[in-house]
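Q: Got a structure for you, questions after.
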Amino acid sequence: MMQLNARIPEGRVPDKWSNYKAGQRLVSPSNKRKLEIIVVGTGLAGASAAASLGEQGYRVKVFCFQDSPRRAHSIAAQGGINAAKNYSNEGDSIHRLFSDTLKGGDYRSREANVYRLAEVSNCIIDQCVAQGVPFAREYSGLLDTRSFGGAQVSRTFYARGQTGQQLLLAAYGALSRQIKEGTVTLYPRTEMMDLVLIDGKARGIITRNLITGQLEKHTAHAVVLATGGYGNVYYLSTNAMGSNGSALMQAYRKGALVANPCFVQIHPTCIPVHGDYQGKLTLMSESLRNDGRVWVPRSKEMAEQLRQGTIKPSAVKEEDRDYFLERRYPAYGNLVPRDIASRAAKERCDAGYGVGHGGQAVYLDFSDSLRRLGKEVLMERYGNLFQMYRKIVNEDPLETPMMISPGIHYTMGGLWVDYELMTTIPGLYAIGEVNFSDHGANRLGASALMQGLADGYFILPYTIQNYLAGEVTAGVIADTLPEFEKALKSVQDRILRFEEKKGKHPVTFFHRELGKIMWDKAGMSRNAKGLKNALDEIKNLKESFYREVTVPGQAGEMNPELQKALQLEDFFELAELIVTDALTREESCGSHFREEYQKEDGEARRDDEHYMHVACWKYEGEAQPPSLIKEPLTFEYIKVKERDYKN
């Protein structure tokens, strides 16, 4: 049985990161020039890491499947980024951000990693301000903040409703500087197809040029994956349609462990699904819950009238509205964490009080804030979000309450990494959403941007030296080695299986069917019977996929259908992993809600005695069930308690 070593430094939790940096191995400037690093992905984590490593003097190759790093999915983040600056003098601190993050994740994350994240959060804001990120400011000129779910302080820095875009442009600027300096080489429209190991170490990747279809070999002394999450396994999600889990699965098949894959976040404020052939969901930022109030009608009769359109929501009287989050969670109100808000909305909809198509939506109402603050203030804060909603729904959310419903948004699970962000494969690192390390069973809003930039700017550039210090004598790695040829042949064979396959259905047909299985059986609410059925249904659908899929075109050309087929093949295996993990974890915690394990009031019932661990899954071969390896979670600096947002 594999033994996991998280490499957590000695000392008190607040001292661990300082102790680590004081004792780590270093690479001299002259030796950095001898070492090559591959970074896959150019979102916030990848762009910031590549820029930082290039600035330090390493030779960096960075890959993205988009035509520009500026189109990475980080650009879609809207609401803000957390940091413990305490500018508003509300009593915030590094410890409070740390404890809120652990509590938000239902105590299913590693204590030392979470504290480090909170500790470096303030550095991120200083870095981004220096780069010119146009954060919102108060009248005095100080940076403004707002609240997000799971916190009782205003610690979220924002740039209107486009924070991710502004942060990514800043990271892209830093990356572009290094490209001009010659320390970083950018490979756009290039997708990773396989990981290459030599003597058990990550030594390079096989890629496919998405324009020409050409396969290429790339060598390095270390490989960094910054490829984002796997939410698109559910088909409908707020992720960009190109987002996928293929790099994660390639690493998994080579020996990297996947941790807590069933921890998938449902976001409560998405624009509701409008039809069976919709391709993705649109997010409405959690920041809207600062000034919007969530409600459903108090009577089922009125809910039916609203669904039929015989009355308008603006005509519903105050006494006929149920502000159910404020009623159930008075201490946090509309700003409870996402998993709790989503389940509360689902409960109301399942009980017959939902509105919109199929009764699967609730209202987010700005009428109170409109009277209190005025239209100009709301437009300053959320103008681009309101504009987006109007374009999609053709309604003004300041005149008619916004309709929202829960949808797949983020994945807390991912590749297992130690304190240094290295996977179980030496030399293979995972940063940002593709790793599991910081958010436990539920991520708090505005913490994804914080983790991505923390990993890329302030953590990986330190920790990767500990490994690379032992690689300075490795010399140049040749791409003619047998391991590269074997990996290349494997990719060619895999592509050949799909080339000119003439079945009955396009790839999207099978992806949509997989998404339905996952949402119905392994989505917001799960049970043993449904999960067991899901495993059978996924297996049958996968067999149909291989028999009946059609993939037009050739491999040696631009072929998005081939690209989608290869990604869906990975999604099938990933879906089985998610369901297996959910079936094995017989408790409810955070986003993982097993119907058999709930309290009388419908809240999650955790089982700390048996499941206070990270569930890590090891690949055991094609068509073989994965094996489970557990990393126990211990807490020495914080007291584990029930997650309560009512008092």
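Q: Looking at the stretch 325-362, which of its residues are within 22 Å of ASN442 (Cα to Cα), out of contact with any helix residue (DSSP H, G or I) (no Cβ under 8 Å at 6 or more places or on another chain) and among the basic types (Lys, Arg)?
A: Across the stretch 325-362, the qualifying residues are ARG343, LYS346.
Table: residues versus (1) under 30 Å from ASP520 (Cβ atoms); (2) among the hydroxyl-bearing types (Ser, Thr, Tyr); (3) free of Cβ contacts under 8 Å to residues at least 60 places away in the same chain.
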| site | (1), (2), (3) |
| --- | --- |
| ARG371 | no, no, yes |
| PRO406 | yes, no, no |
| THR424 | no, yes, no |
| SER447 | yes, yes, no |
| PRO461 | no, no, no |
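Q: How about the stretch 181-191: which of its residues are outside any helix (DSSP H, G or I) and either hydrophobic (A, V, I, L, M, F, W, C) or over 25 Å from the mean Cα position of the chain (by Cα) (or both)?
A: Once the filter is applied, which keeps residues that are outside any helix (DSSP H, G or I) and either hydrophobic (A, V, I, L, M, F, W, C) or over 25 Å from the mean Cα position of the chain (by Cα) (or both), the stretch 181-191 yields GLY182, THR183, VAL184, THR185, LEU186.
Q: Checking the condition over 19 Å from PRO626 (Cα atoms) and either in contact with a His (Cβ under 6 Å, 6 or more places away or on another chain) or surrounded by fewer than 21 Cβ atoms within 10 Å (Cβ to Cβ) (or both), which residue from GLU537, GLU557 passes?
A: GLU557
Q: Moving to a separate point now. Within the stretch 392-411, does at least one residue satisfy the condition of being buried (at least 22 other Cβ atoms within 10 Å of the Cβ), closer than 30 Å to TYR20 by Cβ and touching a helix residue (DSSP H, G or I) at 6+ places or on another chain (Cβ under 9 Å)?
A: Yes, because at least one residue in the stretch 392-411 is buried (at least 22 other Cβ atoms within 10 Å of the Cβ), closer than 30 Å to TYR20 by Cβ and touching a helix residue (DSSP H, G or I) at 6+ places or on another chain (Cβ under 9 Å).
Q: Follow-up question, since we're still on this one. Residues of the stretch 1-17 being touching a Pro at 6+ places or on another chain (Cβ under 9 Å) and free of Cβ contacts under 8 Å to residues at least 40 places away in the same chain, which ones?
A: Of everything in the stretch 1-17, just one residue is touching a Pro at 6+ places or on another chain (Cβ under 9 Å) and free of Cβ contacts under 8 Å to residues at least 40 places away in the same chain, namely ASP15.
Q: Being hydroxyl-bearing (Ser, Thr, Tyr), open to solvent by 30 Å² or more (accessible area, probe 1.4 Å) and part of a loop (DSSP other than H, G, I, E, B) is the filter here, so list the residues in the stretch 444-487 that pass it.
A: Answer for the stretch 444-487, where residues must be hydroxyl-bearing (Ser, Thr, Tyr), open to solvent by 30 Å² or more (accessible area, probe 1.4 Å) and part of a loop (DSSP other than H, G, I, E, B): THR473, THR480.
Q: Given the conditions (1) aliphatic (A, V, I, L, M); (2) open to solvent by 30 Å² or more (accessible area, probe 1.4 Å); (3) in contact with a Lys or Arg (Cβ under 9 Å, 6 or more places away or on another chain), which single one is not true for ILE179?
A: (3)
Q: Same structure again: Considering only the stretch 124-165, state which residues are assigned to a helix (DSSP H, G or I) and either in contact (Cβ under 8 Å) with a residue 60 or more places away in the chain or touching a Leu at 6+ places or on another chain (Cβ under 8 Å) (or both).
A: Result: ILE124, ILE125, GLN127, CYS128, VAL129, THR163, GLY164, GLN165.
Q: Mind checking whether some residue in the stretch 166-180 is charged (D, E, K, R), part of a strand (DSSP E or B) and not assigned by TED's automatic domain parsing to the domain that holds ALA565? Talk me through it step by step, then tell me what you get.
A: From the stretch 166-180, those charged (D, E, K, R) are 177, 180; that's our starting set.
So of that shortlist, the ones also part of a strand (DSSP E or B) come out as none.
No, there is no match, as no residue in the stretch 166-180 is charged (D, E, K, R), part of a strand (DSSP E or B) and not assigned by TED's automatic domain parsing to the domain that holds ALA565.
Q: Further question on the same structure: Filtering the stretch 496-533 down to residues that are among the β-branched types (Val, Ile, Thr) and farther than 28 Å from GLU586 by Cβ, which residue is most open to solvent (accessible area, probe 1.4 Å)? First the steps, then the outcome.
A: Start the filter on the stretch 496-533 by keeping residues that are among the β-branched types (Val, Ile, Thr), which leaves 507-508, 517.
Okay, now just the ones that are also farther than 28 Å from GLU586 by Cβ, so 507-508.
On the way: VAL507: 4, THR508: 39 Å².
Step by step, filter the stretch 496-533, then rank; the result is THR508.
Q: Could you run through the stretch 276-296 and say how many residues are surrounded by fewer than 24 Cβ atoms within 10 Å (Cβ to Cβ) and in contact with a strand residue (DSSP E or B) (Cβ under 8 Å, 6 or more places away or on another chain)?
A: Filtering the stretch 276-296 down to residues surrounded by fewer than 24 Cβ atoms within 10 Å (Cβ to Cβ) leaves 276-283, 290-291, 293.
Applying the additional criterion that residues be in contact with a strand residue (DSSP E or B) (Cβ under 8 Å, 6 or more places away or on another chain) yields 281-283, 290, 293.
Total meeting the criteria: 5.
Q: Condition first: at pLDDT 95 or above, within 24 Å of ASP608 (Cα to Cα) and of a type in the set (Asp, Glu). Can you find one or more residues in the stretch 111-134 that meet it?
A: yes
Q: Further question on the same structure: Give the residues of the stretch 297-345 that are within 17 Å of GLN360 (Cα to Cα), surrounded by fewer than 16 Cβ atoms within 10 Å (Cβ to Cβ) and among the small types (Gly, Ala, Ser), sorted by residue number.
A: SER299, GLY309
Q: Which ones in the stretch 565-604 are farther than 23 Å from TYR619 by Cβ and either under 18 Å from the mean Cα position of the chain (by Cα) or not assigned by TED's automatic domain parsing to the domain that holds PHE510 (or both)?
A: Within the stretch 565-604, CYS589, GLY590, SER591 qualify.
Q: Given ASP194, ASP276, which one is in a strand (DSSP E or B), outside the structural domain of GLU513 (by TED's automatic domain parsing), in contact with a helix residue (DSSP H, G or I) (Cβ under 9 Å, 6 or more places away or on another chain) and acidic (Asp, Glu)?
A: Just one listed residue meets the conditions, ASP194.
Q: May I ask you to list the residues in the stretch 17-63 that are of a type in the set (Gly, Ala, Ser), over 22 Å from MET193 (Cα atoms) and within 28 Å of the chain's Cα centre (by Cα)?
A: Listed by number, the residues that qualify are SER18, SER48, ALA51, SER52, GLY54.
Q: When only residues in the stretch 125-165 that are among the polar types (S, T, N, Q) and within 27 Å of ASP644 (Cα to Cα) count, which is least open to solvent (accessible area, probe 1.4 Å)?
A: Applying the filter and picking the extreme gives THR156.
Q: Between residues in the stretch 554-566 that are at positive phi and among the aromatic types (Phe, Trp, Tyr) and residues that are at pLDDT below 95 and open to solvent by 10 Å² or more (accessible area, probe 1.4 Å), which pairs lie under 6 Å by C-beta distance while being six or more apart or on different chains?
A: No pair meets every condition.
Q: Is it fair to say HIS218 is in contact (Cβ under 8 Å) with a residue 24 or more places away in the chain and farther than 26 Å from GLN492 by Cβ?
A: On the way: in contact (Cβ under 8 Å) with a residue 24 or more places away in the chain: yes; farther than 26 Å from GLN492 by Cβ: no.
No; evaluated as a whole, the condition is false for this residue.
Q: Name the pairs: first residue in the stretch 36-57 and of a type in the set (Asp, Glu), second residue at pLDDT 95 or above and in a strand (DSSP E or B), Cβ to Cβ under 6 Å, at least 6 apart or on different chains?
A: If the second residue must be at pLDDT 95 or above and in a strand (DSSP E or B), the pairs left are GLU36/ARG59.
Q: Considering the stretch 72-89 alone, what residues qualify as being over 16 Å from CYS128 (Cβ atoms) and surrounded by fewer than 19 Cβ atoms within 10 Å (Cβ to Cβ)?
A: ALA76, ASN86, SER88, ASN89
Q: Related question: Please specify each residue of the stretch 240-258 satisfying the condition of being open to solvent by 10 Å² or more (accessible area, probe 1.4 Å) and part of a loop (DSSP other than H, G, I, E, B).
A: ALA240, MET241, GLY242, SER243, ASN244, LYS254, GLY255 - these are the residues of the stretch 240-258 that are open to solvent by 10 Å² or more (accessible area, probe 1.4 Å) and part of a loop (DSSP other than H, G, I, E, B).
Q: Continuing with this model, one more query. Name the single residue, out of those in the stretch 577-635 being under 19 Å from GLU111 (Cβ atoms) and of a type in the set (Phe, Trp, Tyr), that is surrounded by the most Cβ atoms within 10 Å (Cβ to Cβ).
A: Once the filter is applied, the top-ranked residue is TYR611.
The values are calculated or read from the model by the stated rules, or taken from the named source; none is laboratory data. Everything numeric here is computed off the predicted structure, so don't read it as measured data. For neighbour counting, all protein chains shown are included, and Cβ atoms are generated from backbone atoms with ideal geometry for every residue, glycine included. The protein model used for the area step is the full one, side chains on, heavy atoms only, and it has no ligands, DNA or RNA in it. Shrake-Rupley method; radii C 1.70, N 1.55, O 1.52, S 1.80 Å.
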